[in-house]
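Q: Below you will find the structure I want to go over with you.
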Amino acid sequence: TIANRAARAHIRPPAILVVGDVVRLRRQLNWFERRPLFGKRILVTRASEKAASLSDQLEALGALVEELPAIELAPVSQNGALTHVVKTLSDIDWVFFTSPEGIRWVKDLRGFSQCRIGAIGPKTAAAIEAAGLHVDFIPKRFSQEGLLEGLPARMLNGKRGLIFSAEESRDALEVG
């Protein structure tokens, strides 16, 4: 009757049937079901090359992970604007990086030594510091708004800033 019961209960392969005294060991054997994210389905929208490490961590916690990249990382085209801005860094007071990728766009970091640097979060700050620069500010809330909220207006009033962000990112820093 087991096949009929399994069909009525909508049990489909893959499935395991445990019979006998070993059933009493369920509490010790169900370690996977006790993981904090067991039974949760999580969508990871990071760029493909960044998704794997987060997906692996979530799966280790028991989650069923689906990856659907919402952004794509691409090199910055050398249109002259970036080169010009980097050459005129002596006129810039603050440089804000909104992702770890931003620091990789710049080939020559020497001009940044005169600027104060803001990083949107700890991973971005780590990438900046790994490149050899000092980060002056990391907000408590990791967003463009968090950068603005965390810096007193007196530190920004009358200052010139440079924002390294994605091509189609929000403009909260620029407007603020």
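The values are calculated or read from the model by the stated rules, or taken from the named source; none is laboratory data. Not measured: the values here are computed from a predicted model. Here the Cβ is made from the backbone with ideal geometry for all residues, glycine too, and neighbour counts use every protein chain on show. Each accessible area value is taken on the protein alone, full model and side chains, heavy atoms only, with ligands, DNA and RNA left out. Shrake-Rupley method; radii C 1.70, N 1.55, O 1.52, S 1.80 Å.
Q: Dipole of the chain (Lys/Arg Cβ +1, Asp/Glu Cβ -1, origin at the Cα centre): which of L148, I16, A70 lies farthest to the positive side?
A: After comparing all options, I get I16.
Q: On to the next question. Applying the Karplus parametrisation 6.51 cos²θ - 1.76 cosθ + 1.60 with θ = phi - 60° to the phi angles of the stretch 131-139, what ³J(HN,Hα) value in whole Hz is obtained for each residue in order, glycine and proline being reported as x?
A: For the stretch 131-139, the Karplus-derived couplings read 7, x, 10, 8, 9, 8, 8, 10, x Hz, x marking Gly and Pro.
Q: Quick check on the stretch 1-42: take the gyration tensor over C-alpha atoms, sort the square-rooted eigenvalues as a ≥ b ≥ c, and tell me if it's rounded (a/c under 1.5), prolate or oblate.
A: Working: a/c = 3.51, a/b = 1.26, b/c = 2.79.
Since a/c reaches 1.5 but b/c is at least a/b, the shape of the stretch 1-42 is classed as oblate.
Q: Along the three principal axes, how long is the stretch 6-72 when you take its alpha carbons, biggest first, rounded to the nearest angstrom?
A: Between the extreme Cα coordinates on each principal axis of the stretch 6-72 lie 52, 28, 14 Å.
Q: Follow-up. Note down the nm distance, to one decimal, between modelled labels 7 Å out along Cα→Cβ at R110 and at I2.
A: About 7.6 nm separates the two model spin labels.
Q: Heavy-atom accessible area of E49 with all protein chains present, probe 1.4 Å, nearest 10 Å²?
A: Rounded to the nearest 10, the figure is 120 Å².
Q: So, R0 is 25 Å and r is the distance between the beta-carbons of T45 and K140; what FRET efficiency does that work out to, to 0.05? All intermediate terms of the calculation are to be shown ahead of the outcome.
A: On the way: r = 24 Å, r/R0 = 0.94.
After rounding, the FRET efficiency stands at 0.60.
Q: Which order do the peptides 135-142, 9-16 take when ranked by the mean count of other beta-carbon atoms within 10 Å per residue, highest first?
A: Descending mean neighbour count gives 135-142, 9-16.
Q: Still on this structure, I have one more. Note down the accessible area of L43, probe 1.4 Å, to the nearest 10 Å².
A: That residue has around 100 Å² of solvent-accessible surface.
Q: 5 Å is the cut-off here: which amide hydrogens, built 1.01 Å from N in the peptide plane, fall below it relative to L162, excluding neighbours closer than 5 in sequence?
A: W94, V95, F96
Q: Can you sort D21, D108 by 1.4 Å-probe accessible area, starting with the largest?
A: The most accessible residue leads, giving D21, D108.
Q: Starting from the coordinates of the alpha-carbon atoms of the chain, obtain the Kirkwood hydrodynamic radius over all distinct pairs and give the value in Å to one decimal.
A: Details: mean 1/r = 0.0493 Å⁻¹.
It works out to 20.3 Å.
Q: Residue by residue through the stretch 99-106, what is 3J(HN,Hα) from phi via Karplus (6.51 cos²θ - 1.76 cosθ + 1.60, θ = phi - 60°)? Round to whole Hz and write x for glycine and proline.
A: Here the 3J(HN,Hα) series is 6, x, 5, x, 5, 6, 6, 9 Hz.
Q: If you scale each eigenvalue of the Cα gyration tensor by 5 and take the root, what three semi-axes come out for the stretch 113-164, rounded to whole angstrom and sorted largest first?
A: So the equivalent ellipsoid measures 18, 14, 8 Å along its semi-axes.
Q: I need to check one value: relative contact order of the chain, counting alpha carbon pairs closer than 8 Å and at least 6 residues apart, in percent. Could you put the intermediate results ahead of the total?
A: Details: 210 pairs, mean separation 27.7, N = 176.
Reported as a whole number, the value is 16 percent.
Q: Just add up the charged neighbours of R41: K/R +1, D/E -1, any other residue whose Cβ is under 13 Å from the Cβ of R41.
A: -2
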